[in-house]
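Only one structure is covered here, and it is reproduced in the block below.
The values are calculated or read from the model by the stated rules, or taken from the named source; none is laboratory data. Model, not experiment: these values are computed from the prediction. We place every Cβ from the backbone using ideal geometry, glycine too, and count neighbours over all the protein chains shown. The area values use the complete protein model at the heavy-atom level, side chains included, leaving out ligands, DNA and RNA. Shrake-Rupley method; radii C 1.70, N 1.55, O 1.52, S 1.80 Å.
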Amino acid sequence: MPNKLDINAFMDGLQRRNPGEQEFHQAVRDVFETVIPFVNYNKKYLDARILERMTEPDKTVVFRVCWEDDDKNIRVNRGYRVQFNNSIGPYKGGLRFHPSVNLSILKFLGFEQTFKNSLTTLPIGAGKGGSDFNPKGKSDREVMRFCQSYMTQLYQHIGPDMDVPAGDIGVGAREISYLFGQHKRITHKFLSVLTGKGLEFGGSLVRTEATGYGNAYFATEMLQQHDIDIKDKRCLVSGAGNVAIYCVEKLLQLEAVVLTLSDSSGTLYAKDGISKEMLEDIKQYKFEARKSFSEFPKNKQYKFFENKKPWHIEADIALPCATQNEIEKSDMKAMIKNGIIALSEGANMPCTSDATKLLRESDILYAPGKAANAGGVAVSALEMSQNSQRLSWSAEELERKLREIMQNIHSQCVKNGGDGKQTDYVQGANIAGFIKIAEAMLAYGIV
Ligand code: NDP
Ligand code: 2IT
């Protein structure tokens, strides 16, 4: 039995076992840098090799997804589901459809999800899946045929008490509907097997808004804890998808000033702040028309910076809500120079390791994604509860529950986040998330 673990030795082993999976290596290092010192003082976890067990997914399925495009060409994509850890509940986590999807990305996301889902206090395990299919530029019928083919493979691996996927990048209400329809068609059963469903067929109110609203709530809690009011603070938000748009909506309700949104074509900058009316136009443009900001109609209220990210613009708070590694070292340097006071992650792992290092050495308040963006999966778990009871709760009740869950996650971070003058939210979230999973794994014996 090892007496003590060393992060570099641990990472050597992990990299040997998982060659080339850079994002997965990055996520594990980011978490275990703070967890290993804790484990070294808790020999029971060390002896049971909990960290080795936590970094090996329970099961991974990879399958061919064959479909026909509108021009009758046969297309082949790869589908995945990584069932990471079901110690505290059925596997739960999103599906991502994006050309960059590979096992490394899904394993990093599944690993992060393990800790995030534990923090929600709800009974959900962790998984992640998706495909390298690119929904961009595809017709609705093409997306439908792809989703049907994907579900024809996936359905044998999921179930209300087994694994309950949801959305992530490239998977929203349209895709979940096609996937659910196909699952129902194959199994002849109406099962709570996906979350983020339409309200007409078992979806929950507030699920669409939950990740973005939750991130704004978490940022508010973190600022309040340090006697700062979010009102009038200038915010940089990246992305223009589900998480970003609803994060902006809540920030505006909280009277913050949102200067940016962005997409893969560049950054939209509103020097006097995005108004509620402008946000409604953007929603229509991104969710209905599904177009890129590079073609957004010209207007005096904003500027468009082609192929630029928001991070070099002067502001008070950064809320990255697009994708992993979107904040690099130079971006972080710019934010530190510009006097950013807080960064709250709507996206999963949006900072590179170099950027995270600089951030953690600075005075900036830093809410890691597993805490700040847990609102989405939390309301997914509430969707599962409502489905089990065959009833639905009101929007007010769900928003209240979401707010309480975000406050509870914040408190767990503060409790486990060290005694310094400022809470170490990274340490707090990692350790609080870890303890619950580790205790469950210990209780099961050697499995
Ligand atoms: P969406 O697909 O709705 O939106 C993603 C947005 O990010 C789009 O505006 C997209 O640009 C932009 N984007 C994606 N990839 C890139 C890239 N490589 N470079 C630049 N821009 C990019 O996804 P979500 O809003 O659901 O997800 C955003 C992030 O939040 C992800 O990290 C996801 O894992 C995380 N998350 C999502 C949750 C959810 O409930 N949906 C829950 C918790 C975390 P474009 O419009 O040009 O495609
Ligand atoms: O990263 C995430 O937490 C999500 N994409 C949401 C997962 C879910 O099951 O709602």
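A few points about this structure:
- Each of Ala9 and Asp70 was given a label point 7 Å from its Cα along the Cα-to-Cβ line. The distance between the two points is 5.9 nm.
- Bins of 5 Å, starting at 0 and running to the largest distance - Cα pair percent for the stretch 1-98: 2, 10, 17, 19, 16, 13, 7, 6, 4, 3, 2, 1, 0
- Unit charges at the beta carbon, dipole of the chain: most positive-side option, Val76, Asn348, Asn416: Val76
- Report note on the peptides 364-375, 428-439, 399-410: ranked by the mean count of other C-beta atoms within 10 Å, highest first, their order is 364-375, 428-439, 399-410.
- The slack in the chain from Glu255 to Lys415, taken as 0.36 nm per residue of separation less the alpha-carbon distance, amounts to 54.7 nm.
- Extension gain, Gln422 to Glu306: 0.36 nm times the residue separation minus the Cα-Cα distance gives 38.1 nm.
- The chain: DSSP helices with Cα axial extent of at least 18 Å and average Kyte-Doolittle hydropathy no lower than 0.0: 22-40, 103-119, 375-389, 425-443
- Peptides 297-308, 219-230, ordered by how many other C-beta atoms sit within 10 Å of their residues on average, highest first, read 219-230, 297-308.
- Considering only Met144, Thr220, Val31, the residue lying farthest towards the positive end of the dipole of the chain is Met144, judged by Cα position with unit charges set on Cβ.
- Helical content alone sets the calculated 222 nm signal of the chain at -14500 deg cm²/dmol, taking -39,500 (n - 2.57) per DSSP H segment of four or more residues and averaging over every residue.
- Cα gyration tensor category, rounded, prolate or oblate, for the stretch 139-183 with a/c compared to 1.5: oblate
- For a straight C-alpha distance cut-off of 28 angstrom, the lysines reachable from Lys333 (same-chain residues fewer than eight places away being disregarded) are Lys116, Lys231, Lys233, Lys250, Lys271, Lys303, Lys308, Lys309, Lys357, Lys370, Lys421.
- Over the stretch 59-174: Kirkwood hydrodynamic radius from C-alpha pairwise inverse distances, Å: 14.3
- Across q = 0.06, 0.07, 0.14 Å⁻¹, the chain modelled as identical point scatterers on its alpha-carbon atoms has Debye log10 I(q)/I(0) values of -0.23, -0.32, -1.39, in the order of the q list.
- Over the stretch 1-134, accessible surface divided per residue gives 40 Å², non-protein components excluded, 1.4 Å probe.
- For the stretch 155-219 and the stretch 263-329, distance of Cα centres in Å: 27
- Cross-link pairs exceeding 20 Å in C-alpha to C-alpha distance, out of Lys415/Lys436; Lys72/Lys184; Lys276/Lys401, comprise Lys72/Lys184; Lys276/Lys401.
- Placing unit charges on each Cβ (+1 for Lys and Arg, -1 for Asp and Glu) gives the stretch 107-259 a dipole about its Cα centre, and among Ser192, Cys235, Leu205 the Cα reaching farthest toward its positive end belongs to Ser192.
- Probe 1.4 Å, accessible area per residue of the stretch 218-344, Å²: 46
- Spatially proximal lysines relative to Lys189 (Cα-Cα < 28 Å; intrachain offsets below 8 disregarded): Lys59, Lys92, Lys128, Lys197
- Surface composition of the chain: carbon plus sulfur atoms contribute 48% of the solvent-accessible area (1.4 Å probe, protein chains only, all chains present).
- Computed extension length for Ser139-Thr187: 14.6 nm, one decimal, from 0.36 nm per residue of separation with the Cα-Cα distance subtracted.
- Relative to the Cα centre, the charge distribution of the stretch 157-234, modelled as +1 at Lys and Arg Cβ and -1 at Asp and Glu Cβ, gives a dipole magnitude of about 400 debye.
- Considered as an equivalent ellipsoid built on the Cα gyration tensor, the stretch 110-165 has semi-axes of 27, 14, 9 Å, the largest given first.
- FRET E, pair Asn42, Tyr444, Förster distance 25 Å, beta-carbon r, rounded to 0.05: 0.90
- Relative contact order %, the chain, counting alpha carbon pairs below 8 Å whose residues are six or more apart: 15
- Placing +1 on the Cβ of every Lys and Arg and -1 on the Cβ of every Asp and Glu, with nothing else charged, gives the stretch 104-154 a dipole about its Cα centre of roughly 60 debye.
- Descending semi-axes in Å of the stretch 132-275, equivalent ellipsoid built from Cα gyration tensor: 35, 19, 11
- Shape parameters for the stretch 369-422, alpha-carbon atoms, Rg then Dmax in Å: 13.9, 47
- The charge dipole of the chain, taken about the Cα centre with unit charges on the Cβ atoms of Lys, Arg (+1) and Asp, Glu (-1), comes to about 860 debye, rounded to the nearest 20.
- P(r), alpha carbons of the stretch 237-380 - 10 Å bins starting at zero, rounded %: 12, 45, 34, 9, 0
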